[in-house]
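Below is one structure, written out as C-alpha cells; the observations come after it.
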Amino acid sequence: MINVSRLKKGIVIDHIEAGHGYKIFSQLGLDELEDVVVLMRNVPSRKMGKKDLIKIETDINLDLTVLGLIDPNVTVNFVEDGVLLRKEKLQLPEVVEGILECKNPRCISKYQKIDDIKFYLIDRKTKEYRCEYCDTTTSF
Amino acid sequence: MLKGRHLIEPSEFRIDELEEIFGLADSIIQKPENYSEICKNKLLASLFYEPSTRTKFSFDAAMLRLGGQVIGFSDPNTSSVAKGETLKDTIITISNYVDIVVVRHPQEGTAKLMSKYALVPVINAGDGGHQHPTQTLTDLLTIRHYKKSLKNHCIAVCGDLKFGRTIHSLVKAMHRYEGTKFIFISPEELRIPRYIKDLLDPDSYRETTSLDEAIGEADILYMSRVQRERFVSEYEYLRLKDYFILTPEKMLMAKEDMIVMHPLPRVNEIAEEVDDDKRAVYFHQAKFGMYVRMALIIKLLGLE
C-alpha cells in the first residue's frame with residue numbers, strides 16, 4: 001500500500017467509481033493547479049471492491065458541479081487543520097452551465113459563441129439533459 | 001399579462017393566456033375596422049434569415065392592418081450578418097429602433113438566444129426544425145373557430161410526423177386540452193418521435209399506417225407535406241412523398257363535420273378536387289394566421 005501524507009487543508013474526493021478518477025481530474029482542471037494533488041486509482045475498497053480517490057491540498061474553491069455529472073455517487077470531504085470539517089454526498093445537478101455541449105448540429109450554439117449555455121436535467125436515471133436553446137437531449 | 005413577453009414556443013403561454021389572444025382575434029375578425037389604427041406609430045422588425053414568403057407576408061400584413069409599420073430583411077446576405085455580426089449584437093442594436101421583433105432563422109434556438117438580449121418582445125417565426133409557435137396559434141384558432149371549442153376532439157395527423165415541427169407543436173399544444181385524442185397516421189419511417197408520445201397518456205393516442213382506416217374516426221384531419229429539405233437521401237424522399245394522398249373518395253369515409261387542415265404549402269398530398277369540399281378549411285386557415293398574429297402583436301405590445 002502506498003502511503004500518502006495526511007491532508008492539512010483541502011478536499012478529498014472519495015468513492016469515485018474505479019476508472020472515473022482521471023475523468024474527474026481532467027474536468028476539474030487539476031493538472032493546472034499549483035497545489036499538491038494526488039490521484040489514486042484502483043484503491044481496494046470494502047464497499048466498492050475498487051475505487052478511485054483524489055486528494056487536493058488547496059485553499060481555492062473548486063466548482064464541483066461537474067462531479068455530480070460524472071459520478072453522482074462520490075463523497076466529498078472538506079478538511080481543515082487536518083480535521084474532517086464536513087462530508088457532502090453529491091447528486092446530479094438540476095441545471096448545468098458551461099460544461100455540456102449540445103449534440104444537435106443544427107443548434108444555434110454550434111454557430112454562435114455561447115459560453116453560458118444551460119442544460120436542464122430531464123431524466124435522473126439516464127442522466128439526460130435538455131439544451132435550453134434547441135431542446136435536444138444530451139448526456140455527459 | 002402578455003405585455004412585454006416573448007413568444008418562443010407555444011407551450012410558454014398558459015391556456016388562459018392563449019384564450020386571451022383567441023378572444024381578441026375573434027373581435028378583430030368581427031370588426032377589423034376597430035383595430036386599424038391601434039398600432040399607429042409602432043414599428044415591427046421582420047428579420048428573415050431564411051426565405052419564407054407566407055410567414056413573412058402574414059406578419060407584415062398583420063402589422064400593416066393594425067396601422068403599424070414594418071422594417072426588415074428577407075435575405076441575410078444583404079444585412080450585417082454578411083459582415084459577421086453576432087446575433088446578440090444584431091438584436092441589441094435593432095431593439096433600439098423598433099417596438100417588436102419577428103425572427104426566422106434556419107438554426108434551432110435562435111429566437112430564444114435573441115430574446116435573451118432583446119429589449120422588446122421577440123416572436124419566433126420558425127427556427128429550423130424546432131418551433132413555429134405562430135403556426136400553432138393559427139391551427140388552434142382555426143380549430144376553435146370551426147369546432148367551437150378546443151376540447152374533446154379526435155385529431156388525426158397524417159404524413160411526415162417525424163420531421164414535421166408543425167405537427168409536434170400542434171400535438172404538444174392540443175394535448176393540454178381535456179378529452180383530446182390523437183391518431184398518428186404515417187409510414188413506419190416517418191413515425192411521431194418518442195419524446196412527443198412520452199408527453200401523452202397512452203390511452204389518448206394510437207398509431208396506424210392507413211389513412212383509410214382512420215379517417216372515419218377523426219373530427220379534425222391535419223395533413224402535412226413530406227419536406228424534401230429534411231431528407232438526406234433524394235431516393236428516400238421520392239419513395240415516401242406520395243405515401244398518403246387525400247382524395248374525394250377518401251373524403252366519402254369522413255364525418256360530415258370533420259375539417260381538413262394543412263399548414264401549406266401543399267405539394268400533392270391533398271388532391272385539388274378536395275378544395276371544393278366544404279370541409280376543406282386549409283385556405284381559410286391562412287387567414288386565421290393573419291388574425292391571430294394581429295391579436296398577438298396587440299397583446300405583446302400591451303395595447304389591449
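Only the coordinates and a few stated rules stand behind these numbers; no lab work does. Since this is a predicted model, take the numbers as computed values, not measurements. Positions of Cβ are generated from backbone atoms using ideal geometry, with glycine treated the same way; all protein chains shown enter the neighbour counts.
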If you take all C-alpha pairs in the stretch B:104-165, what percent of them are over 16 Å apart? 59
Choice from B:T208, B:T55, B:T138 with maximal GNM fluctuation in chain B (Cα, 10 Å cutoff): B:T208
Under the rule of -39500 (n - 2.57) per DSSP H run of 4 or more residues, summed and divided by the residues of the protein assembly as shown, what mean residue ellipticity at 222 nm is obtained, to the nearest 500 deg cm²/dmol? -8000 deg cm²/dmol
Restricting to Cα atoms and excluding each atom paired with itself, what does the Kirkwood estimate give for the stretch B:1-131 in Å? 15.4
How large is Rg over Rh for the stretch B:186-247, taking Rg from the Cα atoms and Rh as the Kirkwood inverse mean of 1/r across Cα pairs? 0.98
Using only the Cα atoms of the stretch B:243-304, what do you get for the radius of gyration and for Dmax, in Å? 15.5, 48
Scattering curve values for chain B, log₁₀ I(q)/I(0), Debye with Cα scatterers, q = 0.10, 0.12 Å⁻¹: -0.55, -0.80
P(r) tail for the stretch A:1-66, what percent of Cα pairs lie past 14 Å? 56
Cα atoms only: what Rg and Dmax, in Å, come out for the stretch A:6-140? 16.5, 51
Name the most mobile residue of A:I99, A:I16, A:I56, meaning the one with the largest mean-square fluctuation, in a Gaussian network model of chain A with Cα contacts below 10 Å. A:I99
Rg and Dmax of the stretch B:190-304, Cα atoms only, in Å: 17.0, 51
Rounded to whole Å and ordered largest first, report the semi-axes of the equivalent ellipsoid of the stretch B:75-125 derived from its Cα gyration tensor (root of 5λ). 16, 13, 10
May I ask you to list the trypsin sites (Lys or Arg not before Pro) in the stretch A:1-97 that are in a DSSP loop and have at most 12 other Cβ atoms within 10 Å of their Cβ? A:R6, A:K8, A:R46, A:K47
Principal axis dimensions, the protein assembly as shown - Cα atoms, whole angstrom, descending: 87, 54, 41
Using alpha carbon centroids, what distance separates the stretch B:149-218 and the stretch A:1-50, in Å? 51
Rg to Rh for the stretch B:62-162: what is it, with Cα atoms only and Rh by Kirkwood? 1.06
Kirkwood-Stokes translational diffusion coefficient of the stretch A:93-140, alpha-carbon pairs, 10 °C, 1.306 mPa s, µm²/s: 150
Among A:E32, A:E101, A:E80, which one shows the biggest mean-square fluctuation in a GNM of chain A, springs joining Cα atoms closer than 10 Å? A:E32
For the stretch B:100-206, what mean projected area does the convex hull of the alpha carbons give, in nm²? 7.6
For chain B, which DSSP H helices look membrane-span-like by this rule: Cα extent along the axis of 24 Å or more and mean Kyte-Doolittle of at least -0.5? B:282-300
Between the stretch B:273-304 and the stretch B:226-246, what is the C-alpha centre distance in whole Å? 28
Members of A:K103/A:K127; A:K23/A:K103; B:K3/B:K42; A:K125/B:K116 lying beyond 22 Å, as alpha-carbon distances in this model show: A:K125/B:K116
